[in-house]
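Trainee: Quick one: the structure is below, questions incoming.
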Amino acid sequence: MTTVLAVQHQQSAPPGWLGEWVVESGVGVEVVRPDQGAAVPADLGRYDGLLVLGGRMGARDDREAPWLPAVRALIATVVSADRPFLGVCLGHQLAAVALGGAVEPGPETRSRGLVPFQPTAAGRDDRLLGGIAEGAPVLHYNSDVVTELPDGADPLAHAPDGTLQAVRLGRRAWGVQCHPEVDASIVRAWLEDDHGPASRWSPDGEPAETVRRVRDAEPRLRRHWAPLGHAFAAEVLADGTAAG
């Protein structure tokens, strides 16, 4: 079966909806958990594409997450081999660093919440992101941002604060700073990591309000962003067919 390898860095950052949409399109998803001691492969091997997910660590936090050098090396190998790759948030930042770009803290201490998708002209024509409606809501939850793109990379979208929202890193490689994969339960888990158990939150406080907003937006988020998962699966299926 055509299969994507998904690198998951922590329990609370799974493939989520992206995994669901990829599977809907006929592609399997196999998760590797280096945070639990699993080895990161040197190349795709039997897999047909690579999905690198988000995490609380930074793209160069090798002491906190000693598997990151292997992930960066794998990304560089996959992109240079012209194989399908999608990086989400940390995965997007790891790809930028692996390919020669730079990542720094964003203009705000932390970007968190629903913001509109704002594609560039290239983004509107892109075969992965071109199906996403301009202005579609999407979650951002990050401290760092890509501040310097690798050579040959093309910006595909910018967030309202001007930071990079999506990028094409190669003919078959993309990164998104936003989180198209998350539902309210995932966001709640992240906020509990930051603010403690939800049972202690003020009903009118920012964490509770963020969860409510994401929950209310879930039907729109799924409708708008399912095309991304299906388009990535199409890239992977094409790669598997060519390899076969």
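Where a number appears in this text, it was derived from the coordinates with a stated rule and is not lab data. Since the model is a prediction, treat every value here as computed from it, not as a measurement. Quick reminder, even Gly has a Cβ in these numbers, built from the backbone with ideal geometry, and neighbours come from all protein chains shown.
Trainee: Let me have the 222 nm mean residue ellipticity of the chain computed from DSSP H runs of 4+ only, each contributing -39500 (n - 2.57), with the sum over all residues rounded to the nearest 500.
Mentor: It comes out at -11500 deg cm²/dmol, rounded to the nearest 500.
Trainee: If R0 is 25 Å, what FRET efficiency do you get for VAL115 and ALA70 from their C-beta distance, rounded to 0.05?
Mentor: Given R0 = 25 Å and the Cβ-Cβ separation, E is 0.20.
Trainee: Which of TRP225, TRP201, TRP174 moves most in a GNM of the chain, Cα contacts under 10 Å?
Mentor: Between TRP225, TRP201, TRP174, it is TRP201 that shows the largest mean-square fluctuation.
Trainee: I need to check one value: relative contact order of the stretch 119-244, counting alpha carbon pairs closer than 8 Å and at least 6 residues apart, in percent.
Mentor: So the answer I get is 26 percent.
Trainee: If you don't mind, there's one more thing I want to ask. Name the residue farthest towards the positive end of the dipole of the chain from the options HIS230, TRP190, THR163, assuming +1 on Cβ of Lys and Arg, -1 on Cβ of Asp and Glu, about the Cα centre.
Mentor: Of the listed residues, the answer is HIS230.
Trainee: I've got another one for you. Could you size up the charge dipole of the chain around its Cα centre, putting +1 on the beta carbon of Lys and Arg and -1 on that of Asp and Glu, and report it in debye to the nearest 20?
Mentor: Result for the chain is approximately 280 debye, rounded to the nearest 20.
Trainee: Follow-up. To the nearest 10 degrees, how steep is helix 206-243 against the longest Cα principal axis of the chain, on a 0 to 90 scale?
Mentor: Computed tilt is about 0 degrees.
Trainee: What angle, in degrees between 0 and 90 and rounded to the nearest 10, separates the Cα long axis of helix 68-80 from the longest principal axis of the Cα atoms of the chain?
Mentor: Helix 68-80 sits at roughly 50 degrees to that axis.
Trainee: On to the next question. Using label points projected 7 Å from each Cα along Cα→Cβ, tell me how many nm separate ALA198 and ASP154, to one decimal.
Mentor: 4.0
Trainee: Quick one: 3J(HN,Hα) in Hz for the stretch 115-128, Karplus 6.51/-1.76/1.60 with θ = phi - 60°, rounded, Gly and Pro as x.
Mentor: Running phi through 6.51 cos²θ - 1.76 cosθ + 1.60 with θ = phi - 60° gives 9, x, 7, 10, x, 7, 4, 5, x, 5, 9, 6, 6, 8 Hz.
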